[in-house]
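Chemist: Have a look at the structure that comes next, please.
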Amino acid sequence: MTDPIPHLDILVADIDVIYISPFLLIVSIAGIFTEWKENKRFTLVKAFSYFLPPLLLLLLGGRDFAFLLYFIGYATLLISSRTKWPAVLSFLGISVTIVVAKYYLFAKPYELDRITYYLNPYLDPNGKGYQIIQSMRAIQSAGLWGHGFGSTLNTVPVLESDYIFVYLVHSLGLVAGTAFFILGIVLVARLIRTIRQVKDLYGSMLLIGIMTLFFTPFFWSIFMSLGLVPPTSVTLPFVSYGNEQLILQMALMGLVLNIYRRKDIQPLTKAS
């Protein structure tokens with residue numbers, strides 16, 4: 001009997017499990033934190049027990065931005081759950097210590113070079129600092145109105161994904177880049193306003209997690225193009241090339257719209 005779905009095994013093999021794991025984890029953690037808060041079962045030990053195993057797996061997986069996305073999302077949800085500040089600071093201090101220890105003891109040479117040449121890319125302008133330098137030069141040469149849509153830019157690698165913002169500014173100018181950045185700030189402000197309007201605790205926690213998942217890569221991609229943060233593999237939502245990323249981002253926006261549609265529904269209260 002033939003397989004009714006040809007090449008299904010190839011499609012499954014192409015799914016980037018490490019990339020999508022922070023999205024699934026943060027959505028799950030939002031529900032767990034909500035249940036803990038409603039039942040007053042939140043403890044720092046329980047928070048660490050849920051945080052550390054995925055963190056270690058992501059660190060071992062070698063995907064720096066997936067780890068960063070999970071860490072920022074988890075910390076944001078922890079702060080948003082109105083945990084006492086001593087517990088939050090203890091969590092952040094221990095977590096940062098674990099990460100620093102990992103990179104200090106087990107970091108690969110290219111991981112250390114990424115930080116070194118981010119701080120001073122001109123140490124190796126034709127090698128490891130090339131990408132950062134060319135990105136900044138392309139933006140500086142764009143002017144206010146750019147070189148025109150469709151203009152070629154062959155000096156910046158992975159232009160269709162990681163550095164798509166560079167091409168946006170190069171072709172349409174600093175005006176378009178600034179407008180795009182302001183658009184992101186406006187969307188963040190609108191989403192924060194929506195979070196305050198949602199009456200359901202789980203809905204508001206889920207929106208906070210989604211905001212982190214969507215806008216962390218949004219602003220990181222822009223700042224990376226400007227040389228303000230270390231370069232890593234990150235895509236600009238709804239702009240960079242990639243079907244898998246686009247599907248995830250559309251799913252996140254679908255959740256946002258669904259929660260907003262039900263923002264005035266009062267949550268059920270437990271009978272005493």
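Chemist: Out of segment 181-210, which residues are in contact (Cβ under 8 Å) with a residue 40 or more places away in the chain and of a type in the set (A, V, I, L, M, F, W, C)?
Modeler: PHE181, LEU191, VAL198, LEU201, MET205, LEU206, LEU207, ILE208, ILE210
Chemist: May I ask you to list the residues in segment 81-120 that are more than 16 Å from PRO231 (Cβ to Cβ), hydroxyl-bearing (Ser, Thr, Tyr), open to solvent by 40 Å² or more (accessible area, probe 1.4 Å) and at pLDDT 80 or above?
Modeler: Result: SER90, THR97.
Chemist: Does ALA138 satisfy the condition of being open to solvent by less than 30 Å² (accessible area, probe 1.4 Å) and either in a helix (DSSP H, G or I) or modelled with pLDDT under 95 (or both)?
Modeler: yes
Chemist: Is it the case that LEU213 is closer than 30 Å to ASP113 by Cα and crowded, with 18+ Cβ neighbours inside 10 Å?
Modeler: Judged against the criteria, LEU213 is a match.
Chemist: Right, another one. Could you tell me which residue of segment 31-55 is nearest to the chain's Cα centre (by Cα), considering only residues that are without any contact (Cβ under 8 Å) to a residue 12 or more places away in the chain and assigned to a helix (DSSP H, G or I)? Working first, answer last.
Modeler: Narrowing segment 31-55 to residues without any contact (Cβ under 8 Å) to a residue 12 or more places away in the chain: 35, 39-41, 43, 45-46, 49, 53.
From what's left, assigned to a helix (DSSP H, G or I): 35, 45-46, 49, 53.
Values: GLU35: 25, VAL45: 26, LYS46: 24, SER49: 22, PRO53: 19 Å.
By that ranking, first place goes to PRO53.
Chemist: For segment 168-202, how many residues meet the condition of being open to solvent by less than 50 Å² (accessible area, probe 1.4 Å) and in contact with an Asp or Glu (Cβ under 9 Å, 6 or more places away or on another chain)?
Modeler: Summing the residues that are open to solvent by less than 50 Å² (accessible area, probe 1.4 Å) and in contact with an Asp or Glu (Cβ under 9 Å, 6 or more places away or on another chain) in segment 168-202 gives 2.
Chemist: Restricted to segment 9-29, and to residues that are aliphatic (A, V, I, L, M), open to solvent by less than 70 Å² (accessible area, probe 1.4 Å) and under 22 Å from LEU246 (Cα atoms), which residue is modelled with the lowest pLDDT?
Modeler: The residue in question is ILE18.
Chemist: Given the residues ASN120, ASN154, ASN126, which is the only one that is under 21 Å from PHE223 (Cβ atoms) and of a type outside the set (Val, Ile, Thr)? Give the derivation first.
Modeler: Numbers: ASN154 fails: under 21 Å from PHE223 (Cβ atoms); ASN126 fails: under 21 Å from PHE223 (Cβ atoms).
After applying the criteria, what remains is ASN120.
The values are calculated or read from the model by the stated rules, or taken from the named source; none is laboratory data. Predicted model, so just to flag it, every value in this text is computed and none were measured. We place every Cβ from the backbone using ideal geometry, glycine too, and count neighbours over all the protein chains shown. Quick note on the areas: whole protein, heavy atoms, side chains included, nothing else; ligands and nucleic acids left out. Shrake-Rupley method; radii C 1.70, N 1.55, O 1.52, S 1.80 Å.
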